[in-house]
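Here is the structure we will look at.
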Amino acid sequence: MNRASVRARIVGTGMYVPERVVTNDELASMMDTSDEWIQQRTGIRERRWVNDGQTPVDLAKAACLQALESAELEIGDVDCILLATLSPQHDFPGTSFFLHEELKAGEIPCIDLRAQCSGFLYALNFGDALITSGKHERVMVVGCEVHSTGLDISTNGRDVTVIFGDGAGALILEANRDEEDPAGILQIRLHAQGRHAKRLWIEAPSSGTSPRLDQQMLDEGRHFPRMEGRQVFKHAVTRMPEVLLEALSAASIKVDDVNLFLFHQANLRINEFVSQKLEIPEEKVFSNIQRFGNCSAASIPMLLAEVDRNRQLERGGIVCMTAFGSGFTWGSAVLRW
Ligand code: UT7
């Protein structure tokens, strides 16, 4: 079998969010904000936050078990785990290693990927490459974030804090060699521009300072995420359509031929801009930011799991997933379901 005829198709999806619902009104009791401001500017109504003691691995494990169940597979059938996150459980080793133990994954390789809100698409790209190169038969790709334990819940942090939520999504990629079955990833295009790294970042702790974290940094709130929101917004609404068209053109697919668009869930207004620019009808865009907020690397796999669960997509349909995030990073993936 020649390598070019192997495609990576999705055979299972899963997602998990913590039970604790945090409404906009609850945030308004902690800081100077309002349900009206948050809904108008972002579309978000509520998000989920972990309960005390609940870890990123707890979320990721639940999503992975659901993905395995939906694929009717066991962890022993998986050859590799790729986990995208910007909120690792510990500095090292990566979250994937703790997940590996929880899943009883034997001795298969695992790795964390850090490309922030585009992290899932970066991980998908590597998963696709591992399969189409013939290296692995099945790869588990996970996006997992716990933002809530690291947010500034005072008015100082309100621009960032109101948009983020906790959650995890997972899928299983499998080598598809069936020439009668066209399902699989068609194209992925990724980009980065490190020049903008400090426009959305967490400065401390940093291995570039000694000590990595001190009282002054804590007092100055340098351990909280900081964002130049307007700049991020401006870049997102330019880069997302650009890369989406780049990926579709590489796959020789027209915007009109796409059945479902899954955009990173950073801000509903960003996604409305992108849809308007490309004349994408509302019914072809699925969103869950209203219920879950921005779950960074977990947002797209969570969307995919919901779509799969609700049977919103017919086999053979074209899905286009597009993200933008800190780094800056952006990317788009096109697949046949
Ligand atoms: O997922 C990774 C990528 N992230 C993104 O794509 C996020 C992109 N950025 C955004 O979505 C928007 O910039 C935000 C939703 C974060 C903020 O909306 P904005 O329209 O850009 O607001 P702004 O930061 O320009 O602030 C406008 C006003 C300011 O008040 P003044 O100076 O006009 O008096 C802010 O202090 O809104 C104020 N403000 C708030 N007011 C109530 C900022 N955050 C809040 C808040 N509640 N949560």
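Working from Cα pairs under 8 Å separated by at least six residues, relative contact order for the chain is 26 percent.
From the P(r) of segment 3-176, could you give the percentage of C-alpha pairs in the tail past 19 Å? Don't skip to the answer; put the middle values down first.
Details: 8683 of 15051 pairs.
Pairs farther apart than 19 Å: 58 percent.
Size descriptors for the chain (Cα atoms only): Rg and Dmax, in that order, 19.1, 62 Å.
Report the extension gain between Gln290 and Asn156 in nm, rounded to one decimal, defined as 0.36 nm multiplied by the number of residues separating them, less their alpha carbon distance. Each step should come with its number before you reach the end.
Details: separation 134, 0.36 × 134 = 48.24 nm, distance 2.32 nm.
Extending this stretch completely gives an extra 45.9 nm.
Taking 0.36 nm per residue of sequence separation and subtracting the Cα-Cα distance, how much length would be gained by fully extending the chain between Lys135 and Glu74, in nm to one decimal? All intermediate terms of the calculation are to be shown ahead of the outcome.
Numbers: separation 61, 0.36 × 61 = 21.96 nm, distance 1.94 nm.
That pair, Lys135 and Glu74, stretches by 20.0 nm at full extension.
3J(HN,Hα) along segment 239-250: 6, 5, x, 4, 6, 4, 5, 4, 5, 5, 5, 4 Hz, from the Karplus curve 6.51 cos²θ - 1.76 cosθ + 1.60 with θ = phi - 60°, whole Hz, x for Gly and Pro.
If each residue's Cβ is checked for other Cβ atoms within 10 Å, how do Glu19, Glu107 rank with the fewest at the top? Walk me through the numbers on the way to the answer.
On the way: Glu19 9, Glu107 5.
So the residues, fewest neighbours to most, are Glu107, Glu19.
A protection proxy built from the mean count of other Cβ atoms within 10 Å ranks the segments 294-304, 152-162, 258-268, 234-244, most packed first, as 294-304, 258-268, 234-244, 152-162.
May I ask you to work out the translational diffusion coefficient for segment 243-337 at 25 °C, viscosity 0.890 mPa s, via Stokes-Einstein with Rh from the Kirkwood sum over Cα pairs, reported in whole µm²/s?
Working: Rh = 13.5 Å.
Translational diffusion coefficient: 182 µm²/s.
Report the paramagnetic label zone for Ala197: residues of segment 116-156 whose backbone N is under 14 Å from a point 7 Å from Cα along the Cα-to-Cβ axis. Answer for this model: 116.
What full-extension length gain, to one decimal in nm, is calculated for Leu65 and Arg269 as 0.36 nm per residue of separation minus the Cα-Cα distance? Present the calculation step by step, with values, prior to reporting the outcome.
Values: separation 204, 0.36 × 204 = 73.44 nm, distance 3.30 nm.
The Leu65-Arg269 span can extend by a further 70.1 nm.
Coordinate-derived values only; no laboratory data. Quick caveat, the model's predicted, so the values are computed rather than measured. With ideal geometry, Cβ positions are generated from the backbone for all residues, glycine too; neighbour counts draw on all protein chains shown.
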